[in-house]
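To keep things clear, I will list the structure first and then write my remarks on it.
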Amino acid sequence: MTKILVVDDEMDVQPLFEQRFRREIKNGEIEFEFAYSGEAALSCMEKYLHEAILILSDINMPGMSGLQLLEHIKLKNHTPPPVVMMITAYGDSDNYNKAMELGADDFLTKPVDFAALKNKIKLLGT
């Protein structure tokens with residue numbers, strides 16, 4: 001089972017992901033956890049002993065930004081480290097370059113292309 005932590009300050013991401021991955025969730029292929037801030041994501045990771053193999057994080061959030069969260073995750077040196085994909089509504093090169101510099105594994109723009117995301121997740125499971 002692929003465990004995924006979705007980090008976004010917008011509350012509507014949870015029903016959206018649950019709808020788009022309904023079949024995979026029902027079949028026990030994917031399990032989602034949702035955190036609505038960078039700080040909550042860190043608490044969630046500690047609570048679940050870093051079981052998430054994939055973290056999808058929004059970049060622009062109040063408090064701890066997605067880039068600060070990414071930096072924190074990559075500095076902790078989890079074994080194995082989770083794959084971190086950054087998500088932003090802004091396709092600007094500054095955020096992209098900073099995310100890659102901090103160790104992001106991939107970069108997605110909103111609205112999320114769920115078909116492409118599903119393919120990326122399948123590749124993680126192989």
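The values are calculated or read from the model by the stated rules, or taken from the named source; none is laboratory data. These numbers were taken from a predicted model, which means no experiment stands behind them. Note that we place each Cβ from the backbone using ideal geometry, even for glycine, and neighbour counts take in every protein chain shown.
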(message) I need the full set of residues from the range 29-56 which are more than 17 Å from K76 (Cα to Cα) and either in contact with a Ser or Thr (Cβ under 7 Å, 6 or more places away or on another chain) or polar (S, T, N, Q) (or both), in order please.
(response) E29, I30, S37
(request) Identify, from the list K3, K26, the residue that is within 21 Å of K76 (Cβ to Cβ) and surrounded by fewer than 19 Cβ atoms within 10 Å (Cβ to Cβ). (result) K3
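Residues that are of a type outside the set (V, I, T) and farther than 18 Å from P111 by Cα, at least 2 per element: which helices (runs of 4 or more DSSP H) completely within the range 1-58 meet that?
Of the helices (runs of 4 or more DSSP H) lying wholly inside the range 1-58, those with at least 2 residues that are of a type outside the set (V, I, T) and farther than 18 Å from P111 by Cα span 22-26, 38-47.
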(message) Exactly one condition in (1) at pLDDT below 90; (2) under 20 Å from A116 (Cβ atoms) is false for S57; which is it?
(response) (1)
(request) Scan the range 29-48 and give yes if some residue there is on the phi > 0 side of the Ramachandran plot and either of a type outside the set (D, E) or free of Cβ contacts under 8 Å to residues at least 40 places away in the same chain (or both), otherwise no. (result) no
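How many residues, within the range 29-61, are of a type in the set (S, T, Y), under 12 Å from the mean Cα position of the chain (by Cα) and surrounded by fewer than 21 Cβ atoms within 10 Å (Cβ to Cβ)? Walk me through how you get there before you give the answer.
Taking the range 29-61 and keeping what is of a type in the set (S, T, Y), we get 36-37, 43, 48, 57.
Cutting the leftovers down to under 12 Å from the mean Cα position of the chain (by Cα) gives us 36-37, 57.
Okay, now just the ones that are also surrounded by fewer than 21 Cβ atoms within 10 Å (Cβ to Cβ), so 36-37.
Number of matching residues: 2.
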(message) Looking only at the range 75-116, how many residues end up being without any contact (Cβ under 8 Å) to a residue 40 or more places away in the chain, part of a helix (DSSP H, G or I) and under 23 Å from E31 (Cβ atoms)?
(response) 2
(request) For residues that are more than 16 Å from L124 (Cβ to Cβ) and buried (at least 18 other Cβ atoms within 10 Å of the Cβ), scanning just the range 6-16, find the one that is farthest from the chain's Cα centre (by Cα). (result) V13
